[in-house]
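Take a look at the structure set out below.
The values are calculated or read from the model by the stated rules, or taken from the named source; none is laboratory data. Just so we're clear, the structure is a prediction, and the values are computed from it rather than from any experiment. As a convention, Cβ positions derive from the backbone with ideal geometry for all residues, glycine included, and neighbour counts pool all protein chains shown.
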């Protein structure tokens, strides 16, 4: 893991260009639809030779307009790669907003988020019977006085063997609680920043792959040194057919729409792969919440005492 | 902050740089802050242990207490001392959350309030900096005189209460102030107009103020919305004389004049929208009923 | 959509005589707990006819829309309140204090009760060398108040707390420093 490919993410301005830039095309506002112009063929039989992908001169994208441009923070940059060949081809370099991708990585907030995700929908079904639920025990076992033995009212009282349990688990016990809005927001920011800092965040143009064969994905991930588990995130929740079929076989390649992005999944998977559309959407949503006019409204959904 | 080649590492940049050398952040190497979670220790001495603070025998341990306030026969305190009606009717009293002139000036400086349009309760609530809860007997905002000396904004403002010196401060700068009453259903509509329109209810007719407020809102000294405009003009002049400033002539600024004179009808709650109208946000249309009874009601 | 609009014109008979009070107005539009409990839609003749009002009035509805995002401050305006806009260039210091999203200086006066109520002045959103900043502010406060000042530096949360009400002093110091 020490020999990570360093030229994936750039925090200082030392660019390591593996593919030389040809005559640059004009700056294009990033739009996932623009990348449909590249001709791709989806081949079902992997034994057939994969047709070479035809691409306009590189770099295809090299500029990206940031919403709420940061005043004094250095903009982070990341390569945009492709998914249609096993070997990595860099299509360009884009800017990432530091408020989203270079936030202080608060491990305690990340822990809070993970704990919340695990606990909030947990319901404990463990149950013990209380004295009135245990079968029997309605009659006084022996008269109050005269027998010389201790006095009792019921054979199922908690001091008896086989009697009811006083403070035992009572099913169903919910462990629901809501973490505050800003804790969840900052959890996402911290995790994305940590992923980028540790070179576990990769940006691709789209999730279109040429074949639905699972071995294609395996080879791709192996070749690029992406971790055993990869989380692919796209803006749309209906993913292209090929990648859906290819990743379906393996449990460690998972597809996720942006609205499902969460701290637990990002930590569980070693590598996070975002499409350009996903990056746009994530930044748009997180920056909106950081700059929204009605901040109080954000935390109003899950109040216990509402007015 | 890290710059180009300048590795002054502190704070966030240092943290991110550290992460590059450390093992991958995963579910197995994250931790909460110390003392964030208290361990549930089921130990001895719970609830005070042994006798649980109840003592020995008697009504105390047997949890058979005398009623609260009972003084074993003599006339108890709560009956001996007569009550004073300090809080009588407190649940009916109207509340007006305050907004100081200093806050108002800050809002104008930071661009949260548009001085080129009349400022009313909706405009103040739309800044999302003030909460108004009609359910808690809050009937609008009042202006307080904090920051009175440095107030320089020229505004057409409508609040629910303003003391004399605040009225003077606003009029001195060439502004216009009105005090108006809104009943609770109108307030619910005004504090979040988009939510109200989305609910599909027609715009309500503003009701007249209750008896104990009529005197206030018909008095030109308070710039009440029900007062005679000529008397209000006279009071403006008198106030200028009292506080010793030259009353600015509103007619000198012909562009701003229509905005400054913009006032609502006593039955109106939104500028330009009549009661009884139904707003359709999705199709961007406004509908008006044709039924005679309804029209008569809304016009009265 | 048209029928939904018609549905909402239901009114009770006596509305034009009595004054609408709070509770009765809410009953006009009430949601019952189940579908069957709700009053059923009647045939169109029970509801009023309606027509569309001129579209010139739509601009008044647009006026009521609040901004979704915090509006930016007027750049070349004159500022008469205590507030000054955030600077265009950062000061040449090893630390930086970022403004809040409302462009305010992030100094807060909290009341924290550990055993007794305490006034705590808090400075948030600090970036850079936090210890250097704490030293500078502390020395300034001790100079101004001529009393020792107790402070706490929280390196993880990146905030500084001072025991006492120094909010105005700290705000002035930050504005003078150029944050």
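A few remarks follow.
Results for (1) touching a strand residue (DSSP E or B) at 6+ places or on another chain (Cβ under 8 Å); (2) more than 14 Å from every other protein chain (Cβ to nearest Cβ); (3) modelled with pLDDT under 65; (4) farther than 27 Å from residue A:190 by Cβ, shown as yes or no for each residue.
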{"residue": "A:20", "(1), (2), (3), (4)": "no, yes, yes, yes"}
{"residue": "A:26", "(1), (2), (3), (4)": "no, yes, yes, yes"}
{"residue": "A:30", "(1), (2), (3), (4)": "yes, yes, yes, no"}
{"residue": "A:53", "(1), (2), (3), (4)": "no, yes, no, yes"}
{"residue": "A:66", "(1), (2), (3), (4)": "yes, yes, no, no"}
{"residue": "A:86", "(1), (2), (3), (4)": "no, yes, no, yes"}
{"residue": "A:99", "(1), (2), (3), (4)": "no, no, no, no"}
{"residue": "A:104", "(1), (2), (3), (4)": "no, no, no, no"}
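A quick yes/no check of all residues on (1) more than 14 Å from every other protein chain (Cβ to nearest Cβ); (2) surrounded by 15 or more Cβ atoms within 10 Å (Cβ to Cβ); (3) within 21 Å of residue B:11 (Cα to Cα); (4) out of contact with any helix residue (DSSP H, G or I) (no Cβ under 8 Å at 6 or more places or on another chain):
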| residue | (1), (2), (3), (4) |
| --- | --- |
| C:62 | no, no, no, yes |
| C:65 | no, no, no, no |
| C:73 | no, yes, no, no |
| C:84 | no, no, no, no |
| C:89 | no, no, yes, yes |
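- A single member of C:102, C:92, C:76 is in a loop (DSSP other than H, G, I, E, B) and in contact (Cβ under 8 Å) with a residue 12 or more places away in the chain, and it is C:102.
- The residues of region B:190-217 that are surrounded by 14 or more Cβ atoms within 10 Å (Cβ to Cβ), part of a helix (DSSP H, G or I) and more than 10 Å from chain C (Cβ to nearest Cβ), listed by number, are B:191, B:213, B:214, B:216, B:217.
For every residue, the table says whether it meets (1) under 30 Å from the mean Cα position of the chain (by Cα); (2) farther than 23 Å from residue B:117 by Cβ; (3) more than 8 Å from chain C (Cβ to nearest Cβ); (4) surrounded by 12 or more Cβ atoms within 10 Å (Cβ to Cβ).
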| position | (1), (2), (3), (4) |
| --- | --- |
| B:252 | no, no, yes, no |
| B:255 | no, no, yes, no |
| B:261 | yes, no, yes, yes |
| B:271 | yes, no, no, yes |
| B:278 | yes, yes, no, yes |
| B:282 | yes, yes, no, no |
| B:289 | no, yes, no, yes |
| B:292 | no, yes, yes, no |
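- Residue within region B:146-154 that is under 23 Å from residue C:79 (Cβ atoms), modelled with pLDDT of 95 or more, surrounded by 20 or more Cβ atoms within 10 Å (Cβ to Cβ) and facing another protein chain (nearest Cβ under 9 Å) present: yes
- All conditions in (1) within 45 Å of the chain's Cα centre (by Cα); (2) outside any loop (DSSP other than H, G, I, E, B); (3) at negative phi hold for residue B:31, with the sole exception of (2).
- Screening residue C:152 on (1) at pLDDT 95 or above; (2) at the interface with chain B (Cβ under 8 Å from one of its Cβ atoms); (3) not in a loop (DSSP other than H, G, I, E, B) shows it passes everything except condition (2).
- Qualifying residue in region B:94-110 (condition: within 14 Å of chain C (Cβ to nearest Cβ), in a loop (DSSP other than H, G, I, E, B) and within 23 Å of residue B:194 (Cβ to Cβ)): yes
- Filtered residues of region A:122-141 (kept if surrounded by 12 or more Cβ atoms within 10 Å (Cβ to Cβ) and under 37 Å from the mean Cα position of the chain (by Cα)): A:124, A:127
- Condition met for residue B:43 (assigned to a loop (DSSP other than H, G, I, E, B), within 14 Å of another protein chain (Cβ to nearest Cβ) and modelled with pLDDT under 90): yes
- Filtered residues of region B:281-297 (kept if under 18 Å from residue B:197 (Cα atoms) and in contact (Cβ under 8 Å) with a residue 24 or more places away in the chain): B:281, B:289
- From the options C:111, C:103, residue that is surrounded by 16 or more Cβ atoms within 10 Å (Cβ to Cβ) and within 29 Å of residue A:298 (Cβ to Cβ): C:103
- Residue match in region B:125-138 (condition: in contact with a strand residue (DSSP E or B) (Cβ under 7 Å, 6 or more places away or on another chain), crowded, with 18+ Cβ neighbours inside 10 Å, more than 22 Å from residue A:293 (Cβ to Cβ) and more than 10 Å from chain C (Cβ to nearest Cβ)): no
Yes or no, residue by residue, for (1) more than 9 Å from every other protein chain (Cβ to nearest Cβ); (2) within 23 Å of residue A:199 (Cβ to Cβ); (3) in contact (Cβ under 8 Å) with a residue 24 or more places away in the chain; (4) out of contact with any strand residue (DSSP E or B) (no Cβ under 6 Å at 6 or more places or on another chain):
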{"residue": "A:112", "(1), (2), (3), (4)": "no, no, yes, yes"}
{"residue": "A:118", "(1), (2), (3), (4)": "yes, no, yes, yes"}
{"residue": "A:123", "(1), (2), (3), (4)": "yes, no, yes, no"}
{"residue": "A:130", "(1), (2), (3), (4)": "yes, no, yes, yes"}
{"residue": "A:138", "(1), (2), (3), (4)": "yes, no, no, yes"}
{"residue": "A:141", "(1), (2), (3), (4)": "yes, no, no, yes"}
{"residue": "A:145", "(1), (2), (3), (4)": "yes, no, no, yes"}
